[in-house]
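The values are calculated or read from the model by the stated rules, or taken from the named source; none is laboratory data. This is a predicted model, so every value here is computed, not measured. Neighbour counts run over all protein chains shown; Cβ positions are idealised from the backbone, glycine included.
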Amino acid sequence: MIVSLVGLPGCGKSSVARLLARHYGWSVQDTDSEIESRIGMPIRDFFAVEGEAKFRDIEQATLADCLKASQGGGTPFILATGGGIVLRPENRDLLRRYSLCFYLRTTPEELARRLRHDTQRPLLQGVDALRKLRELSQQRDPLYRQTAHYVVESGRPTVWALVHWICMQLELGGHCRPPSTLEA
């Protein structure tokens, strides 16, 4: 089983993924980290040199490789994705088909507050971040909703509250069992 997380930059995908993985004893994969490993540089630098289209090609290949693990009934893991991964229909299809996908939905205003000092996200550099996040939200919200099996409102709750909500959905939906709290 693969649990994937999608949403705008700064919505908490990486943080939630780490805590979910710790809760279940699963591993974490992060498409952005995997991409940086493959290209040998920060994504923002790659964006500046090669452009977004080339980045999206690498992102699509990386996602497909990450999701191959699910086809053989492999070890469960949590997959944190980049904010723009849903832009390509092939990626939306892969995420929906091969993972249980959660959309961590946050308002552009909350994201702008969280990201006011960020220097790593290429689409938010040198622009009015709130305006850009509103544009991204308008463009991507329907795509996230199309991809996700569940929508999680992640505006102000703590990361642990989001993790508990996702765990509840996974366990009540019969997708996994709660981790044992008893020692054998």
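In segment 81-103, the residues that are farther than 21 Å from Phe47 by Cα form Cβ pairs under 8 Å with partners that are part of a helix (DSSP H, G or I) and of a type in the set (Gly, Ala, Ser), at six or more places apart or across chains, as follows: Leu94/Ala64; Tyr98/Ser70; Ser99/Ser70.
Matching residues to (1) buried (at least 16 other Cβ atoms within 10 Å of the Cβ); (2) in contact with a strand residue (DSSP E or B) (Cβ under 9 Å, 6 or more places away or on another chain); (3) modelled with pLDDT of 95 or more:
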site	(1), (2), (3)
Ser70	yes, yes, no
Gly73	no, no, no
Val86	yes, yes, yes
Pro89	no, no, yes
Tyr103	yes, yes, yes
Leu124	yes, no, no
Leu133	yes, no, no
Asp141	yes, yes, yes
